[in-house]
Structures are given as structure tokens and as C-alpha cells.
Amino acid sequence: MPIEFNPETRQFHLYNDQISYLFDIMKNGQPEQLYFGRKLPKDADCLYLAERCRRDMQACPYPDDPQFSLEHIRQEYPGGGTGDMRVPAFVLERADGSRIVDFRYAGHRIYAGKKEILPLPSTYTEAPEEAQTLELTLADPQIGARLILYYTIFRGVPAVARHAEICCDGQEPLVLEAAMSLSLDLPDMDYDRIDLAGAWSRERHIRRRPLEYGIQSVYSLRGSCSSHQFNPFLALARKDAGEKSGEVIGLSLVYSGDFLAQAEVDNFHVTRLMIGIHPQEFRWPLRQGASFVTPEAVLVYSQEGLNGMSHAFHTLYRTRLASGVWRDRERPVLLNSWEATYMRFDEARILGIARKAAELGVELFVLDDGWFGHRDNTDSSLGDWRPDLRKLPGGICGLSAKLKAAGIGLGLWIEPEMISEDSDLYRAHPDWVLGDSRRTLCRVRGQYMLDFSRPEVVEAIFQQLQQVLTGSGVSYIKWDHNRSMTEVFSQGTPAAEQGCVRHRFILGLYTLYAKLRAAFPEILFESCASGGARFDPGMLYFAPQAWTSDDTDAVERIRIQYGSSLVYPLSSMGAHVSAVPNEQVHRCEPLRTRAAVAYFGTFGYEMDLTKLNAQEQEEVRRQILFMKRYRRLIQQGDFYRLRDPFAGDGNTAAWMVVSPDRAQALVAYYRILQRPEAGYERLPLMGLDPERRYRALEVKGCTEPDPDGPSACRYGAEFCQIGLILSDESSGCRNAAPEVQGDYLARMFLLCAENA
Ligand code: GLA
């Protein structure tokens, strides 16, 4: 996957076996976007794509070249003030208030591999031959500033990672008012835009609408999280592109705070895509010798529809963004105590639930909120990370030893960025609260936020957590975050730097993650933010799995997990079976349907298993056996979305995973409501080897592939072109098999290649 530079044409060509990315350096020294898409011949000369037109009223810097106007030129990282009237990728202000900047080509470097940008998370390489990086340097000597644009192209993945760095070299102080991670100008607007949107409990629903003239965007201005409302992701799909075919461009930001993902279409149908930190509340002063590094953005091109885009994101994010020892390990089957006990527990209750869980095969017991300080409700104790000895007389170590004896590990819930007014930490350091103390501060869930833009606050929390965890036997942490920023003001931070507070907070968060991971490398981290408000690539770097949503209802989860899978791999999606009626929507689905949805993620239970009857407990035991047997396939296989629950009447959905060697596949089909006299039903599959024959077995009760049941033996090509036949007798026939009757039906099939 080389990056080539032609000094005569001043053209850069980044390519691998699937994609090409081309730009050139124009006569004014600025980079001009030429092409991003399917791979072109390696010596392709794309200068003819540098279209110029003489248009009325356009701003022209060269009196003898009336065709040259930045207003109509597709650029790589456009600034404002020099003729381009669209939204710029950056804004840099001089000491006298001038915002006119003229960055011109000053040189470049091409090298194998990729550099990290710590404390910011980013994709990485494990060997130099996995990627090539271009560092393009532009300079404006008049103001003593440099802009460095970074491009990395990966071997075997149709993706380019980009970020920017702005450096102040001169004596004149500068202020950065906006700095996007990536900008990309595309020659037309014949796309639909796709984003992931929602709210608490219904995160990441897929929205698809035609791209329009003007600006359309998704964003977070919540400061400390990427939000339930939108995800730092945007895709453009050709009108004919669907799950299986068609051209799609996907954009994703490796960041967990304020973001803006925007498409701007001008009146000549040119589409400018951008993603980066939201400029609204951002202001970053730069003095001589300082620089600002933007978060990384990842750009994917697929000619195989949305599934093709997702495969690129999944491959990169599962194997070269998620990091640490848990990246490639099978994830433990866990039981989380939250919906089982809330904060009302003592050691005996915990041990009762955990012992039953261990007996049924659960590997990890996660003690959720309520174990520290004197936390009996949400109004107290955040910031006091010491075990509540009323509830746990032997502390965390005592509990952990008892669980170990019962054959189950211990995980703990924490919410390190928060503080309760009723806490020793607040009484000792009221100024550590983020907020303007001259104002009434909003509480969310009874709590305030700590000022993580201050390193001493981050360090103090690290010290407390280190003390709890050292020698504790805790093997898992659920890291929660349950409020957005309000009244953002950092006490003790100079006025000129208040615009840095939100980004510094996120850097403080990342720093704490990095320190805890370094101190406890064997701990598995799961991120969480009132369910899925921080389900973003930034978190994925530190925590290879995330709590997908507080909504554990199977029907809701089908949509949430389906939407999340546009960008995020199954290995990142915490998915649990909870009790019925469901806490969030009061629905009652069969236990097996709840499991058949939760299998497709990192599996667990969110309930008190002692409350199940013997038959249900036996079913749970079989579910856990099933998950242990197939979790490698599920968590590391190739995932394909087959039936979209956001399309049509949304009554059915389906997806499948295929092992990397294509010898095994697991298919799940969900039908929400049973309809009378339903028609015939076929489900075309994906990802199988067309030449190989596969035997498809129904997974009986969603726990056991049934070798004696009806099985189909066909070529992969048949399963993919014609489909798995799902027609059944559930159309009102009185004698139909009970497995296919009723609402909330899940059917699963295991496919095994013959002679595998
Ligand atoms: C958040 C999380 C839940 C649970 C509670 C505990 O809402 O999303 O899973 O941990 O906090 O307070």
C-alpha cells in the first residue's frame, strides 16, 4: 500500500489493493482534492480532475487567472478568508484579530507504519508493513505557523486515517478557533446521508435521508461524551447502495467529547464532508513552540454497500484500535448486579446471586453501583472510592476471595469523573467541581462533574482507584459516566484558556484510562455512559467493550445492535439477558429470544438468576454453554446484516457471523409479531464460500444445534443467492410446531462446511 509522490505533477497517490486517494499541490501551494474511491492504476494521472471554470462573481487571487478561485476548488483542508466561502476546516486568529491564513506546501515525509498521538487514542500498526503514512507540511511564514496533515493508508483495509496538527513557531501568539480532523470535498451530491441517532434507551437508530443543498450535520455539545443523541459517524451512500452492494463513504471520529460531523453541499453540487471537534465551544491559544493535535478521523470507502463499509470499520477497530491484552481474548460471560439488586444489597445477597451464577456457568460477577462510600441512592458518595463496610464487611478483597472460592471472578462499577455534594471529596475540594461557583450548577442524577481538565484532580482519583484495585483480585471494570457538562468553567484556569476546558477534560479522561490500564494491564475495561452515550471509537481504544444501551429489551436491542454494527464490531457490544417484564419497556419476551439477541455481542445476564425456576435455570445453563462454544466465532468472525429492522414494517430482522476461514456460520432471524397467513420466507445469506457445501442445522431452543432435526445441505452459492428457507407453519395453523409460534420469535441456524 504505497504512497507515491510525482514531483513533476506534484500529485500524491495513496493506494492499496482496494482504494485510491489522490490530491495535488496547486500553484498557490495548497493541496487540492482529486479523487477518493475505488482503486485506480498506480500511475493514474488525475490532474484532469482539477476542474476549473470561469464563474461570475468569484474571488480570484491571480489577476491573470480568472478561473482560479478557492470558492470552486475542491480542497484537502480549506481555510477561510482567501476566497472560499464555504465552512473552513480550521480557523486561526492572529494577535491583531486577523483570521487570514495562507498555508502553503513546505515539504512532506512518507514512512512505513504509523505514529501514535497519545494521550489521544488512535488506530495503530503492529508491524511497519501494515500501513504507510504521509506527513504533509504547509507553512505560513508571515504568522510563523505550520499545518501538518497526516494520512495513513492500511494494507488490506479500504480505509485512510487522517488528523491535523497546527504548530506555532513564531513569536506572535495565535488562537485556534476551529480545527477539524478531516475535510473531504467530493465532486457531486448524488448520495443519501446516513447517521446514527437516538436518545437514552434507544441509541444508534439508523437514519437515512437524501443529501440536500446546504449544511446538514450531527454533533455533540455535551462536553464529556459523544452522546446518546448522535454518534461521531456519518456516511454517504449512493442512492442504489444497500447492505450488499453500492458505493458508500463512511466517516468516523476517534474521540469521546464534543464533535461535529457535517456535509455541506454548495450550489454547484460539490459536497464538503468534515468531522472533528465541534468548534462552537473550542478555543485553543498557541504560544511559540506549542502545537495542537486533532483527534484522528477514519475514512472508509466501500463498493460493497453498507456491509462492506462496516467490515472495514470492524476489521480496523477490532484489531488495530481496540488495544490491550483483552483485544483478542474471548470475553467472559458475566452477570451484572444492577437490575438484580440496584443499590440494595449486602454481602450475603451478592454471594447468593454470584454462587448461583457460577453454578450455571457464569465466569464473572460484576458488582454495579452502590458498593462504595455510603451510597444508598444517587445523591451521595461519588468521589469516595472506598468500600462501604456496612454492605461489604470484608471490603472488596474479602468479597473477591469468597467469589474466587465459588469459582467466579469479580468486576466493579466505577464512575471516576463524577462527584456528589455529599462526599468527603467535595467537602475537601469544592473547587474541584467543574462549574462556575457564582452560579447555580445543574445537577444531573443528583451529581456534579469533576474538573478533569486539571491534572491534580485526575491524579487524586487515580490514587484512590489504585488503592482499591491493588491486590483486590478485581478482573473487570465497568466505567460509567452519567451526566453531560453544564456551566462549563474551570476554577483556577486563566480566562484565555477556558475554551480549552472541554478538550482538556477528555484528555484527562484518556490519561486516567491510560494510567489505570498501565497499572492493571490484566483488567478488562467496559465503558458505559448511562448505557450507550459514549459508544465511540475513542473509548474503544481503552475499553474493548462498551455497554451498548440501558435498554435490555430484546426487541429494542435488535434495532440498537443492528444500528451500532454499522461502525462497531460485535466484540465491542455489551449485550445481556434481563428479567421480564423488561425494566425499560415492560415487554415479556421468551428467555430464548432474549438470549438469541444478546449472544451477538459480549454476553451476560442483568438479573437475579436465583429467581428463575429450575427449568429456566437449566435453560440459562445451556445458553451459557452455547455462548462459550461459539463466542470466538461471534466475537471474531465477519458480521453481516441480512434483514433491516428499520426497513419496511420492521417486523423481521436477521444477521449472521462467518468464521474467518468461512467453514462455520451462525445465522439469527427474529420475527417481532406473528402475522396470520404469512407468505413464504427466504433469507439470502452472505459471506459463505460459494463453492463449498454447507450443512445448515437449526439451533433448537437457541441453545443446541439439532443434528436430528431437518437439515439443508447446499452450496454456499445457493444459500447466498436463493437463501435459507424459513417458511414455517406459524400462519395460524393449529397444529404447527410450538417453536415457530407466537410473537417475539427467534430462530438460529448453524452452518458447517462439509469436510471442514
Ligand atoms: C448507568 C448505567 C447502568 C448502571 C447505573 C448505575 O445508568 O448505564 O448500567 O450501571 O448507571 O447507577
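By the scheme Lys and Arg +1, Asp and Glu -1, what is the net charge of all other residues having a beta-carbon under 10 Å from that of ASN16? Present the calculation step by step, with values, prior to reporting the outcome.
Values: positive: LYS39, ARG155; negative: ASP17.
Cβ neighbours under 10 Å give a net charge of +1.
Let's see if you can work this out: charge +1 on each Lys and Arg Cβ, -1 on each Asp and Glu Cβ, no other charges. What is the dipole magnitude of the chain about its Cα centre, in debye to the nearest 20?
It comes to approximately 1200 debye.
Run the numbers for ILE722 and ASP64: contour at 0.36 nm per residue of separation, minus the present Cα-Cα distance, in nm.
230.6 nm is the gain from fully extending ILE722 to ASP64.
Contour minus end-to-end for ILE110 and GLU618, with contour as 0.36 nm per residue of separation and end-to-end as the Cα-Cα distance? Mind dumping the intermediate values first?
On the way: separation 508, 0.36 × 508 = 182.88 nm, distance 5.91 nm.
Difference between extended and current length: 177.0 nm.
Calculate the dipole size of region 77-137 relative to its Cα centre from +1 charges on Lys and Arg beta carbons and -1 charges on Asp and Glu beta carbons; express the result in debye to the nearest 20.
In debye, rounded to 20, region 77-137 gives about 220.
So what is log10(I(q)/I(0)) for the chain at q = 0.06, 0.10, 0.11 1/Å, when the Debye sum runs over its Cα atoms only?
One equal scatterer on each Cα of the chain leads to -0.38, -1.04, -1.22.
With labels modelled as points extended 7 Å from the Cα through the Cβ direction, what inter-label distance (nm, one decimal) is found for GLN491 paired with ARG390?
2.8 nm
Would you mind calculating the relative contact order of the chain from Cα pairs under 8 angstrom and at least 6 residues apart, reporting the percent as a whole number?
This gives 10 percent for the chain.
Work out, step by step, the length gained on full extension between GLN466 and ARG55: first 0.36 nm times the residue separation, then minus their alpha carbon distance; give nm to one decimal.
141.6 nm
Once the dipole of the chain is set up with Lys and Arg at +1 and Asp and Glu at -1 on Cβ about the Cα centre, which of TYR62, GLN721, ALA737 lies farthest towards its positive end?
Checking the options against the dipole of the chain, the answer is ALA737.
Helix 554-564 versus the longest principal axis of the chain: what angle, 0 to 90°, nearest 10, using Cα atoms?
Approximately 30 degrees, to the nearest 10.
Please state, as a whole number in µm²/s, the translational diffusion coefficient that the Stokes-Einstein equation yields for region 435-581 at 4 °C and 1.567 mPa s, with Rh defined as the Kirkwood radius across alpha carbon pairs.
Calculated translational D: 76 µm²/s.
Across region 674-680, in residue order, what do the Karplus-derived ³J(HN,Hα) couplings come to in whole Hz, using 6.51 cos²θ - 1.76 cosθ + 1.60 with θ = phi - 60° and x for Gly and Pro?
Once θ is set to phi - 60°, the couplings for region 674-680 become 7, 10, x, 6, 5, x, 5 Hz.
Counting other Cβ atoms within 10 Å of each Cβ, which GluC sites (Glu not before Pro) in region 150-234 have at most 15 and sit in a DSSP loop? The partial results should precede the final answer.
On the way: sites: GLU165, GLU177, GLU203, GLU212; in loops: GLU203, GLU212.
Passing both the DSSP loop test and the Cβ count: GLU212.
Ignoring ligands, DNA and RNA, what percent of the accessible area of the chain is carbon or sulfur (1.4 Å)?
Answer for the chain is 49 percent, counting heavy atoms of protein chains only.
On average over all directions, what projected area in square nanometres does region 563-634 have, based on the convex hull of its Cα atoms?
Details: hull surface 20.5 nm².
The directionally averaged projection comes out at 5.1 nm².
With every protein chain kept in place and ligands, DNA and RNA left out, what is the accessible area per residue of region 70-214? Probe 1.4 Å, answer in Å².
It amounts to 36 Å² per residue over region 70-214.
For helix 305-320, what angle does its Cα long axis make with the longest principal axis of the chain, in degrees from 0 to 90 and rounded to 10?
With rounding to tens, the tilt is 90 degrees.
Within region 7-95, which GluC sites (Glu not before Pro) sit in a loop by DSSP and count at most 15 neighbouring Cβ atoms inside 10 Å? Don't jump to the answer; show the numbers that get you there.
On the way: sites: GLU8, GLU32, GLU51, GLU71, GLU76, GLU93; in loops: GLU8, GLU51, GLU76.
Answer in residue order: GLU8, GLU51.
May I ask you to evaluate 6.51 cos²θ - 1.76 cosθ + 1.60, the Karplus curve with θ = phi - 60°, for each residue of region 103-119 and list the ³J(HN,Hα) values in order in whole Hz, giving x for glycine and proline?
7, 10, 3, 10, x, 7, 9, 10, 8, 6, x, 7, 8, 7, 10, 4, x
Give me the angle, in degrees from 0 to 90, between the Cα long axis of helix 395-406 and the longest principal axis of the Cα atoms of the chain, rounded to the nearest 10.
50 degrees
Under a point spin-label approximation (7 Å from Cα along Cα-to-Cβ), what is the SER711-ASP188 distance to one decimal in nm?
Between SER711 and ASP188, the simple spin-label model gives 4.9 nm.
Of all alpha-carbon pairs in region 250-344, indicate the percentage at a distance above 22 angstrom.
Tail fraction, whole percent: 58.
On a C-alpha basis, how far is the centre of region 376-425 from the centre of region 124-142 in Å? Whole number, if you could?
45 Å
Kindly provide the chymotrypsin sites (Phe, Trp or Tyr not before Pro) of region 168-259 that DSSP labels as loop, not H, G, I, E or B, and whose Cβ sees at most 15 other Cβ atoms within 10 Å.
On the way: sites: TYR191, TRP200, TYR213, TYR219, PHE230, PHE233, TYR255, PHE259; in loops: TRP200, TYR213, TYR255.
Hits after loop and neighbour filter: TYR213.
Please calculate how many Å² of accessible area region 563-613 carries per residue, with a 1.4 Å probe and no DNA, RNA or ligand atoms counted. Don't jump to the answer; show the numbers that get you there.
On the way: 1210 Å² over 51 residues.
Counting only protein heavy atoms, the per-residue value for region 563-613 is 24 Å².
With +1 on each Lys and Arg Cβ and -1 on each Asp and Glu Cβ, how big is the dipole of region 135-293 about its Cα centre, in debye rounded to the nearest 20?
580 debye
Name the long-range amide H neighbours of PHE525: under 5 Å, sequence gap of 5 or more, or other chain; modelled H, no Pro or chain starts.
Excluding prolines and chain starts, which carry no amide H, the hits are ILE477.
Can you give the net charge of the other residues whose Cβ lies under 14 Å from the Cβ of GLY156, counting K and R as +1 and D and E as -1? All intermediate terms of the calculation are to be shown ahead of the outcome.
Values: positive: LYS39, ARG155, ARG318, ARG320; negative: ASP17, GLU126, GLU129, GLU130, ASP638.
Cβ neighbours under 14 Å give a net charge of -1.
Given a 1.4 Å probe, how much area per residue of region 620-698 is accessible, in Å²?
43 Å²
Looking only at region 91-115, which residues have a backbone nitrogen under 16 Å from a spot 7 Å from the Cα of ARG287 in the C-beta direction?
95
The values are calculated or read from the model by the stated rules, or taken from the named source; none is laboratory data. Predicted model, so just to flag it, every value in this text is computed and none were measured. All Cβ positions, even for glycine, are placed from backbone atoms using ideal geometry, and neighbour counts span all protein chains on display. With ligands, DNA and RNA removed, areas are computed over all heavy atoms of the protein, side chains included. Shrake-Rupley method; radii C 1.70, N 1.55, O 1.52, S 1.80 Å.
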